[in-house]
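Below: one structure, written as structure tokens.
The values are calculated or read from the model by the stated rules, or taken from the named source; none is laboratory data. The structure displayed is predicted, hence computed values, not measured ones. Heads up, the Cβs are rebuilt from the backbone with ideal geometry, glycines too, and the neighbour counts pull from every protein chain shown. Remember, those area values only see protein heavy atoms, side chains included, never the ligands or the DNA or RNA. Shrake-Rupley method; radii C 1.70, N 1.55, O 1.52, S 1.80 Å.
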Amino acid sequence: MPLRDINDLERLKKINAALLSRVERSMDQQGNAFSLFQTAISLENRVRNRTEELHATLRRLEQSNIDLVAAKETAELANLSKTRFLAAASHDVLQPLNAAHLSVSALAEVQTSEEGRKLVRQVERSLETMEDLLRTLLDISKLDAGVVQPEIVDISLETLFSSLRSDFLPEAEKKGLLLKFRPVNVVVRTDRTLLRRILQNILSNALRYTRSGGVLVGTRHRGDTIRIDVADTGCGIAEDQREAVFEEFHRGTATLSDAGLAGGLGLGLAIVRRMAAALGHPVTFSSKVGRGTIFHIDVPVGMAAEPVAAVADMERPRGYGLFGTKVLLVENDVDVLSAMTSLLERWQCQVRAATSTDDALDLLGDTAWVPDIVIADQHLDGGDLGTATIADVRDYLGRPVPALIVTADGSELVAKAARAAGIELMRKPLKPAQLRALLAHLLA
């Protein structure tokens, strides 16, 4: 009914309250909708802002990745260039260094005065230091560049220890130190050359930094691993120097000065760490200042024994009698050729020299002169290779005449070519005493 027809006051109040409630609910719903609308707009803006920030961050990360890749490529190229430069430079430097070694050795044999012999020894020591530094820098460069590929084989530790004992015993005796290798009958799986260099460097440091007492080398079996221990009674390594000793050119001068010792080049342990990393052989040490140091090298156990007769024979040459030995010498460096010829003639050898394969074959035309041994550089005039020259000489003579490659090329490619052809290999610069012993062994 129309409102004007309603006379009940209470009833009018109820209707009014109902109407007001309906209006309020309607207004609340509109308010909530407006609030939701505002919240949605605010969230959309926030999402848009966060998305833009995320896109900006991704763009920065992408650019950073591009910059990092470019920096990595630049570093790798620089490292490769450094390695190539050092390889080329080492070859060029090792050639005259080899000539100097041979000339000084020949000079030493004609000295009659003590003063003259003393000067020769000083020159020899300087040349050896130069050679060690150059070879070590080249080795570090190769290891850093990742171009050294270990040749993992099973080797006899006793054979390796015997060789190291022979190398270091004279130095230990000269300093009045004891050097002892505990007997070991075990085979390990490793790279023969790299493990030997690791132990050489550790032993060299041990003897250098030990004033009294000595050095002991032993092993312990630890499951599938052999731990090689090199213990000395030297000056020790301070706690704050534990990492620094593996850095290049670090020599621990304070400790050495206190102990009255002379340091080396500071590269021995730097190259030990790199070689050990390449082999996957952990190297650790424990040390007490004033008491000594023990280095530990963990090496996997091998599966089978290796034939060691040839190595043992090499370590015990039958003699040094080279009198009258006919040597075909093939070398294209004039200074090295002259120095080598002079040295061999001082050993009473009959030398005929050539600079290329054709020259060497021409010398064989004299049937009255047949070489007992061929010594050749690997890189000769006209692009000739010493291994190929030796093969041609053997074909010409119809027999496998003993042969030796003498080269400053330290690549594994040359070593493999020599091994495949049954040719001995020596690196320049030569140690005359080692050359003489090897020649005596090949001719025995």
Original post:
Only one of (1) open to solvent by 30 Å² or more (accessible area, probe 1.4 Å); (2) more than 24 Å from T293 (Cβ to Cβ) fails for P183. Which number is that?
Top reply: (2)
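Okay, residues lined up against (1) outside any strand (DSSP E or B); (2) modelled with pLDDT of 80 or more; (3) open to solvent by less than 30 Å² (accessible area, probe 1.4 Å):
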| site | (1), (2), (3) |
| --- | --- |
| A231 | no, yes, yes |
| G236 | yes, yes, yes |
| S257 | yes, no, no |
| L261 | yes, no, no |
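Do we find a residue being in contact with a Gly (Cβ under 7 Å, 6 or more places away or on another chain), over 19 Å from L442 (Cα atoms) and of a type in the set (S, T, N, Q) anywhere in the range 337-359?
Yes, some residue in the range 337-359 is in contact with a Gly (Cβ under 7 Å, 6 or more places away or on another chain), over 19 Å from L442 (Cα atoms) and of a type in the set (S, T, N, Q).
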**OP:** From the list D359, D335, pick out the single residue that is assigned to a helix (DSSP H, G or I), buried (at least 16 other Cβ atoms within 10 Å of the Cβ) and not aliphatic (A, V, I, L, M).
**Re:** D359
Original post:
Would the range 209-219 turn up any residue that is surrounded by fewer than 16 Cβ atoms within 10 Å (Cβ to Cβ) and without any contact (Cβ under 8 Å) to a residue 24 or more places away in the chain?
Top reply: no
**OP:** Report the residue count in the range 263-281 for those that are open to solvent by less than 70 Å² (accessible area, probe 1.4 Å), modelled with pLDDT of 75 or more and in contact with a helix residue (DSSP H, G or I) (Cβ under 9 Å, 6 or more places away or on another chain).
**Re:** 10
**OP:** Among residues belonging to the range 346-356 that are at pLDDT 90 or above and farther than 14 Å from G386 by Cβ, point out the one that is least open to solvent (accessible area, probe 1.4 Å).
**Re:** C349
Original post:
Among the residues of the range 157-178, is any in contact with a Lys or Arg (Cβ under 8 Å, 6 or more places away or on another chain) and in a strand (DSSP E or B)?
Top reply: no
**OP:** Please verify whether the range 408-424 includes one or more residues that are among the hydroxyl-bearing types (S, T, Y) and open to solvent by 60 Å² or more (accessible area, probe 1.4 Å).
**Re:** no
Original post:
Would it be correct to say that R419 is modelled with pLDDT of 90 or more, basic (K, R) and out of contact with any helix residue (DSSP H, G or I) (no Cβ under 6 Å at 6 or more places or on another chain)?
Top reply: yes
Original post:
Checking F168 against (1) of a type outside the set (G, A, S); (2) out of contact with any Ser or Thr (no Cβ under 9 Å at 6 or more places or on another chain); (3) at pLDDT 75 or above, which single condition isn't satisfied?
Top reply: (2)
**OP:** Run down V93, V47 and say which single residue is over 30 Å from E124 (Cβ atoms), among the β-branched types (V, I, T), assigned to a helix (DSSP H, G or I) and at pLDDT below 85.
**Re:** V47
Original post:
under 22 Å from L425 (Cβ atoms) and basic (K, R): does that describe R394?
Top reply: yes
**OP:** Answer with yes or no whether A420 is in a helix (DSSP H, G or I), over 25 Å from D335 (Cβ atoms) and in contact with a Gly (Cβ under 9 Å, 6 or more places away or on another chain).
**Re:** no
Subject >> Filter result (in contact (Cβ under 8 Å) with a residue 40 or more places away in the chain and either touching a Pro at 6+ places or on another chain (Cβ under 7 Å) or not basic (K, R) (or both)) within the range 169-192 >> reply: A172, V186, V187, V188, R189, T190, D191
**OP:** Determine which member of the set S35, S64 is modelled with pLDDT of 70 or more and over 30 Å from N332 (Cβ atoms).
**Re:** S64
Original post:
Restricted to the range 186-202, and to residues that are in a helix (DSSP H, G or I) and of a type in the set (A, V, I, L, M, F, W, C), which residue is surrounded by the most Cβ atoms within 10 Å (Cβ to Cβ)?
Top reply: I198
**OP:** Give the residues of the range 362-380 that are open to solvent by less than 20 Å² (accessible area, probe 1.4 Å), β-branched (V, I, T) and farther than 18 Å from L443 by Cα, sorted by residue number.
**Re:** none
